[in-house]
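J.: Have a look at this one before I ask anything.
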Amino acid sequence: MIELNGLGAHYSRVAALRSIDLQVAPGEVVALLGANGAGKSTLLHSTAGLHRAVTGKVLFNGTDVTSLDAAERTRRGISLVPAGRQVFTDLTVGQNLELGLHGTGLRGAERKGRLDQAFELFPILQDFADRAAGLLSGGQQQMLAIARALVRRPAFLLLDEPSLGLAPQIVTQILSVLTRLTDDGMGVLLAEQNATAALGVSQRGAILENGVLVRSDSAAALLTDPDVSNHYLGSS
Ligand code: ATP
């Protein structure tokens, strides 16, 4: 369980997040929605430990992790897939996945098992395992970025705008994988401007406006609310 209690974050002295209260349970996908600049990335980064909280707390399974750095939070099971599919383009697909395992101490069969699971989720990555990641399509690079986080078997996944620049069909293919992951108990916080696609795979949604959480409800309620569709679903 991830719990944000009164979380606030700044850039210099400008507030980017104000007093955010949000919870994501194991096995749950929560869509974090909002326009460009609303604070979605800042919220994910603050949860991952890449951006300092100026107020409030981040709790992970009841433990206060607010003062822990990103590396320690990753070790404990919180993984971030940053926006812009930041894969190492000169390395092969296989090498990128190996990097995901860095520091886990896994060896031999266990290591191979993790890679095999990633290949099972995204079979195209196995076909292209020896290919430079830079030669993959945008959608395949996004799959690789997600797979690289998943080989660690995080308890909790933070996904920043995975649909960016991708064709709707590819977005559907990528997001549908989340359902399989949460079956195994992983919690997911999915930041998306593509609200329709995100709510389609989420149980709940939370809407950020100018750093403030203005609405939190079931995905079904948000998808059918005319106010929400006028503001957030139209452009997706
Ligand atoms: P996007 O989808 O464009 O990434 P977002 O909802 O993720 O939008 P953030 O990137 O979290 O929003 O930005 C929240 C606010 O913080 C915005 O007003 C943005 O201009 C500001 N901001 C983000 N990064 C910085 C930075 N490095 N320095 C100063 N201000 C920043």
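J.: If you take the beta carbon distance between T89 and D69 as r and set R0 to 22 Å, what does 1/(1 + (r/R0)^6) give as a FRET efficiency, to the nearest 0.05?
T.: After rounding to 0.05, the efficiency reads 0.25.
J.: Quick check: the distance between the Cα centres of region 1-52 and region 146-193, to the nearest angstrom?
T.: 17
J.: Ignoring solvent entirely, what values of log10 I(q)/I(0) come out of the Debye formula for the chain at 0.11, 0.16 Å⁻¹ when each Cα is a single scatterer?
T.: Log10 of I(q)/I(0), two decimals: -0.54, -1.14.
J.: Net charge near L190: determine it from the other residues with C-beta under 11 Å of the C-beta of L190, scoring Lys and Arg +1 and Asp and Glu -1.
T.: Computed value for this residue: -2.
J.: Continuing with the same structure: Taking the Cα centre of the chain as origin, sum charge times position over the Cβ atoms of Lys and Arg (+1) and Asp and Glu (-1), and report the length of that vector in debye to the nearest 20.
T.: Its charge dipole is roughly 540 debye.
J.: I want the local charge near H10. Using Cβ-Cβ distances under 11 Å, sum +1 for each Lys or Arg and -1 for each Asp or Glu among the other residues.
T.: Once all neighbours under 11 Å are counted, the net charge is +3.
J.: As an exercise, use a Förster radius of 25 Å and the Cβ-Cβ distance of L164 and S19 to find the FRET efficiency, rounded to the nearest 0.05.
T.: 0.35
J.: Order these peptides, 112-119, 160-167, by their mean beta-carbon neighbour count within 10 angstrom, highest first.
T.: 160-167, 112-119
J.: Quick one: what are the phi-derived ³J(HN,Hα) couplings along region 40-47, Karplus 6.51/-1.76/1.60 with θ = phi - 60°, whole Hz, x for glycine and proline?
T.: Each residue's phi maps through the Karplus curve to give 4, 5, 4, 5, 5, 5, 5, 5 Hz.
J.: Of H45, Y11, G105, which is farthest towards the positive pole of region 1-131's charge dipole, taken about the Cα centre with +1 and -1 on the beta-carbons of Lys, Arg and Asp, Glu respectively?
T.: Y11
J.: Sticking with this one: Please state the shape class of region 1-75: rounded when a/c is under 1.5, otherwise prolate if a/b exceeds b/c and oblate if not, all from the C-alpha gyration tensor.
T.: oblate
Laboratory data are not the source of any read-out in this text; all were calculated from the coordinates shown. None of these values were measured; they are calculated from a predicted model. No Cβ is skipped: glycine too gets one built from the backbone with ideal geometry, and neighbour counts run over all protein chains shown.
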